[in-house]
Amino acid sequence: MELFNLIEKKDRLQISIIRYLLDVDMHANITDLMNHLEVTPFRFYDSLNELSLVLSHLELDLEITVRPEANSISLKKSNHTNLNMLYYYYLKQSTDYKLFTYLYQHPNYSIYELSQALSLSEASIYRCIARLNTYLEEFDIKIRGGKIYGDELQVSYFFFKLFWNSIPLNKIDALENDESSLLFIELLEKRLSQNFTATTKAKLCLWIKILKTRTKKENPIESKWVLNKICHEQINDPIYQVVRDVYFLSANHSSPCFEYKVAYLYLFVSALFILQPENNLLLDSTYWGTFNPQVIQLNENVVQAVKAKYHIDVHEVDPEFVRNWKYLLTQLHSTILFFKGNITFFDDKILFDRLREENNLSKNSSLTDSILQGTEDILGFSLPKAARTWLVSIHSYFISQMRLFSQARISIGILCNRNNFQTNIMLESIDKDFSNKFSIHSERAETGRKYDILISDSEFSTNLYSFKDLYIINDFKTQADQRALTLLLKKYTQKG
């Protein structure tokens, strides 16, 4: 599902103006821009005036300059500019987003109450619900008869993805949580012998808040498959045992404790980058970070294919790389197995086509195609197009990264708070564009290391990392980003 589609049409036009300017290195011919947007001059300048007011109100350090006499328009931004606040500003005003948030806060509703809350006619409400149901198909849930129907795990996951990818991270971090939620997170840190990052805590807080809002009844029928799968396959998993013990220790004993909530928490912790790859529970070389046989089989499908193709002896590979490899594969395949659907802000095709072009994913196409076919054979069903593309890009990353163990002079840390998989793509993109021009070493950012440049998708949590220069990349690397990063790298090259 694309959040961009939830925004009102007039506001989408304003965002499109920003996106276009970023993609053409922040300078454009006005006529070319209007032709690209397919709008009249009146509508273009009307949207531009509204956009200027919004940018001034939000104080985003983003400025548009128009010179009608020269038929030119330009955009000025700082290296720290983050567009999430702009996107969220428009989202909050959209009818579709308001309807989703209303359904989150009111699991049961009437059309009359909904029409009153959104100031729409009942006929408009029905049309809106029909449209939103087309977006919800990939999550295998739907709005019908006064509630959202479907597997409760999928409903909760949908709201997590919706809020995580729409609300600015500092606002998610500021969510109020009750004593039992905070106690759960604190105890989980202790039992896992791991200090959670700010991003990890924000994820957990949001997931727990959603579970408490959504899962009101004891063992809903929709959750029985989760309990059965956990009981048969993963009840002895040390991660499950830790999560279960911590849940019952932290639960408010005046409220009933539900086993299915333990399962939901376990799946979240084991599949959505809550654990760190260096966690003591994951150090056992025979443990994949899961007891689920399908996830293990999916992981080994990738490993065996890469080993056979490149004649690799894993005992000769850097142990830290192997540990990270195992960790990322388990997270990836657990997510695909247990959770359906994805939410991005823009059209997946735009993002994936850009990544494919920048990272030359076709060089590993025969191997990644073979791995993908093996993945679907193990799962027993065909994956949606978006999930297939993510798998190919991540598997291609592992294939390419096997040869990247050298240390270079300019150190670059990559930190993508919202989407861990995007970090891998960004790593490959930075190496492809700059490794032949500059002496660099780029890696997934770690708090205990020092970097010359930290590249991130947000200023959120960057204060925990040691770096000399920070650069924010919004959504995907544009020509403007490439030019700014080139200047930064030239600065460090001249220093050397």
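Quick notes
- Counting only aspartates and glutamates at least 8 places from LYS201 when in the same chain, those with an alpha carbon closer than 20 Å to its own are ASP173, GLU176, ASP178, GLU179, GLU186, GLU189, ASP245, GLU278, GLU446, ASP457, GLU459.
- VAL317 paired with GLN373, simple spin-label distance in nm, labels 7 Å along Cα-to-beta-carbon: 2.3
- Cα gyration tensor, the chain - rounded (a/c under 1.5), prolate or oblate: oblate
- ARG444 long-range amide H proximity, modeled H, under 5 Å: ILE414
- Calculated FRET efficiency for the pair ASN29/LYS491, C-beta based, R₀ 30 Å, to 0.05: 0.45
- Tensor-based shape of segment 1-89 (alpha-carbon gyration tensor, a/c under 1.5 rounded, otherwise prolate or oblate): oblate
- Length gained when the stretch ASN5-ALA308 is fully extended (0.36 nm per residue, less Cα-Cα span): 104.7 nm
- The phi torsions of segment 200-211, fed into the Karplus equation with coefficients 6.51, -1.76 and 1.60 and a -60° offset, translate into couplings of 4, 4, 5, 4, 4, 4, 5, 5, 5, 4, 5, 4 Hz, rounded to whole numbers, with Gly and Pro shown as x.
- With θ taken as phi - 60° and the Karplus curve 6.51 cos²θ - 1.76 cosθ + 1.60 applied, the whole-hertz 3J(HN,Hα) list for segment 317-331 is 8, 3, x, 5, 5, 4, 5, 5, 4, 4, 4, 5, 5, 5, 4 Hz, x standing for glycine and proline.
- Difference of contour (0.36 nm per residue) and Cα-Cα distance, ASN133 to PHE381: 87.0 nm
- What the phi angles of segment 451-456 give under the Karplus curve with 6.51, -1.76 and 1.60, with θ = phi - 60°, is a coupling list of 10, 6, 10, 10, 9, 9 Hz, glycine and proline written as x.
- DSSP beta bridge pairing in the chain, given as percent antiparallel to the nearest 5: 45
- Accessible-area rank, largest first, for SER366, SER47: SER366, SER47, with all protein chains present and a 1.4 angstrom probe.
- Percent RCO, i.e. relative contact order, over segment 1-119, from Cα pairs under 8 Å lying at least 6 residues apart: 30
- Our estimate of slack between LEU118 and CYS231, defined as 0.36 nm per intervening residue step minus the Cα-Cα distance, is 36.4 nm.
- Average accessible surface area per residue within the chain, 1.4 Å rolling probe, Å²: 45
- Accessible area (Å², 1.4 Å probe, nearest 10) - ILE167: 30
- Listed by chain and number, the lysines whose C-alpha is less than 21 Å from the C-alpha of LYS10, apart from same-chain residues fewer than 8 away, are LYS92, LYS98.
- Here the chain has 49 percent of its accessible surface on carbon and sulfur atoms, given a 1.4 Å probe and all protein chains in place.
- Ellipticity at 222 nm from helices only: DSSP H runs of n ≥ 4 in the chain, each -39500 (n - 2.57), divided by the residue count, give -18000 deg cm²/dmol.
- At the listed q of 0.10, 0.15 Å⁻¹, the Debye profile of segment 72-224, built from one uniform point per Cα, gives log10 I(q)/I(0) equal to -0.46, -0.93.
- Distances between placed amide hydrogens fall under 5 Å for SER466 paired with ARG449, TYR451, all partners being 5 or more residues away or on another chain.
- Separation between Cα centres of segment 28-79 and segment 80-153, rounded to whole Å: 30
- Accessible area ranking (1.4 Å probe, heavy atoms, ligands and nucleic acids excluded), largest first, for HIS36, HIS395, HIS311: HIS311, HIS36, HIS395.
The values are calculated or read from the model by the stated rules, or taken from the named source; none is laboratory data. Small disclaimer: the values here were computed from a predicted structure and weren't measured. Every residue, glycine as well, gets a Cβ built from its backbone with ideal geometry; the counts of neighbours run over all protein chains shown. Protein only, heavy atoms only, side chains kept; ligands, DNA and RNA dropped before computing areas. Shrake-Rupley method; radii C 1.70, N 1.55, O 1.52, S 1.80 Å.
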